[in-house]
Amino acid sequence: LKTIVVAGARPNFMKVAPIIRAMRRRADEFTPILVHTGQHYDAQMSDAFLRDLELPEPDVYLGVGSGTHAEQTAAVMTRFEPIVARERPDWVVVVGDVNSTLACALVCAKMCVKVAHVEAGLRSRDRTMPEEINRLLTDQIADLLLTPSPDADENLLREGISPERIKLVGNVMIDSLFENLARAARSNVRERLGLQVGQYIVATLHRPSNVDEPQTLARLLGAFDEIGKALPVIFPAHPRTEARLDEFNLRGCYSAERVRLIEPLGYLDFLQLFSGARLVLTDSGGIQEETTALGIPCLTLRENTERPITVTMGTNKIVGTDRARIVEEASRALTEEIRRAPTRIPLWDGRTADRILDALLEASR
Ligand code: UD1
């Protein structure tokens, strides 16, 4: 099967890497074409990930860059359409919930080219999140919905999607995680930062709802600063967050010793960093899953999650964005020692990529 696999933004690369690798291994069945939309383009947001994940050079680079949602989505569509017309693939595989995911799925739907959505069915039920719109619409138009967990299947069925389009395959990001643990262990990130295992906290923030509003961002930084009195908070800042700190003049609202702002890390360095953390504070979706897979306590700084299985079966707790609540939950997490044995969620077993390929073959018959 001639298959275009689309990656656009940082959280896509660890999802496409195992798929591309499996397709290359099964070269008698699949001919993959890797398309990078260029939604993320920085060395740290893109190149470092391609390198760390040993992804091949993309066959096609669309170079769309940043912009408003409309600009970015439209640019991906305009540049992706001629590629689909030229290649006429049997399948296009899109992953996750970023603007590139929806844009490419929409192009294919209009051209009657079959689309598979990996990580289908996740729902936060918060339509102010741009990703929720991307998830809902992509799942409506994709031909094959490949889900990570049973809650996703239930969401899709409730939306009236017919069961033949849905296939539970597991979490492909966990394929990347398991595949790279040993290589990540060779990273010297802790030495570089002067940190000991279990003696620091890792924080990440990039959701527009958390960083685009000055009061909210200041409140979260205030919480980090308070928590940082117990253990240093290592804070690799996303470019969006970094820009807001200057725009809102917030660099003074935390102590640089308690909250150590660093540049975004590559995949292996970040994996090595958070896997040795005592606690993780985040608003990322993927990190909720990765901490669950490794048994690291995680507090999610949002009001909801599209990944409830990380709460019911994993190490994740949704704590919102209230300063006092975050500080209280963090201090409880630090004193109670809630680190647990890694939970094995069914099908988060490192073999999802092969199940995705099997599902594509099955759906082609
Ligand atoms: C995007 C995704 C989000 C994902 C996140 C991970 C959507 C709607 N959002 O959000 O789901 O969790 O990526 O990072 O698709 N920038 C750079 N260099 C880059 C990329 C971005 O400097 O390589 C800056 C730009 O100034 C841009 C800002 O970061 O304005 C935000 O980037 P954008 O792609 O708009 O959204 P993200 O916040 O990264």
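Every read-out reported here was derived from the displayed coordinates using simple, explicitly stated rules and does not represent laboratory data. Computed from a prediction, not measured in an experiment: that's the story for all the values here. Here the Cβ positions follow ideal geometry from the backbone for every residue, glycine too, while neighbour counts run over all protein chains shown.
If we count other beta carbons within 10 Å of each Cβ, what is the order of R365, R21, R344, fewest first?
Working: R365 4, R21 19, R344 12.
Placing the least packed residue first, the sequence is R365, R344, R21.
At 222 nm, what value in deg cm²/dmol follows for the chain if DSSP H runs of at least 4 each add -39500 (n - 2.57) and the sum is divided by all its residues, to the nearest 500? Display every interim value, and only then the final one.
Working: 16 runs with 169 residues, N = 365.
-14000 deg cm²/dmol, from helical runs alone.
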Practice task
Starting from the Cα of D47, step 7 Å along the direction of its Cβ; do the same at E29; then give the gap between the two resulting points in nm.
Solution key: 3.6
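Restricting attention to the stretch 212-299, which trypsin sites (Lys or Arg not before Pro) occupy a DSSP loop and are surrounded by at most 14 other Cβ atoms within 10 Å?
Those that pass, being in a loop and sparsely packed, are K229.
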Handout entry: the chain: most fluctuating residue of E303, E226, E164 per GNM, C-alpha cutoff 10 Å
Key = E164
Practice task
Specify the angular offset, from 0 to 90 degrees and rounded to the nearest 10, of the alpha carbon long axis of helix 10-25 from the longest principal axis of the alpha carbons in the chain.
Solution key: 40
Practice task
Give the Rg (one decimal place) followed by the Dmax (whole number) of the stretch 214-259, computed from C-alpha coordinates and expressed in Å.
Solution key: 10.0, 29
Problem - Pairs of lysines in the chain (C-alpha under 20 Å apart; 8 or more residues apart or interchain) - result: 6
Practice task
Please work out the Kirkwood hydrodynamic radius for the stretch 45-174, using every pair of different C-alpha atoms, and report it in angstroms with one decimal place.
Solution key: 15.5
Completion exercise
For the chain, the longest principal axis of the Cα atoms and the Cα long axis of helix 285-294 enclose an angle in degrees, to the nearest 10, of 80
Problem - the stretch 162-251: C-alpha gyration tensor shape, a/c 1.5 cut-off, then a/b vs b/c - result: oblate
Problem - Kirkwood-Stokes translational diffusion coefficient of the chain, alpha-carbon pairs, 37 °C, 0.692 mPa s, µm²/s - result: 158
Completion exercise
Expressed as a whole-number percentage, the relative contact order of the stretch 1-149 with C-alpha contacts under 8 angstrom and at least six residues apart is 23
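From the square roots a ≥ b ≥ c of the eigenvalues of the alpha-carbon gyration tensor of the stretch 73-117, which class results: rounded (a/c under 1.5), prolate (a/b over b/c), or oblate? Walk me through the numbers on the way to the answer.
Details: a/c = 1.98, a/b = 1.17, b/c = 1.69.
Cα axes put the stretch 73-117 in the oblate bin.
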Practice task
Could you please rank S176, S66, S149, placing first whichever residue has the fewest other Cβ atoms within 10 Å of its Cβ?
Solution key: S66, S149, S176
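Between the DSSP loop rule and a limit of at most 15 other Cβ atoms within 10 Å, which GluC sites (Glu not before Pro) in the stretch 13-119 are left?
E29, E54
Based on the alpha-carbon gyration tensor of the stretch 1-96, what equivalent-ellipsoid semi-axes (square roots of 5 times the eigenvalues) come out, in whole Å, largest first?
Values: eigenvalues 90, 61, 17 Å².
Over the Cα atoms of the stretch 1-96, the ellipsoid semi-axes are 21, 17, 9 Å.
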Fill in the blank from the handout: Measuring from the longest principal axis of the C-alpha atoms of the chain, the long axis of helix 172-184 (C-alpha) lies at a number of degrees, nearest 10, equal to 60
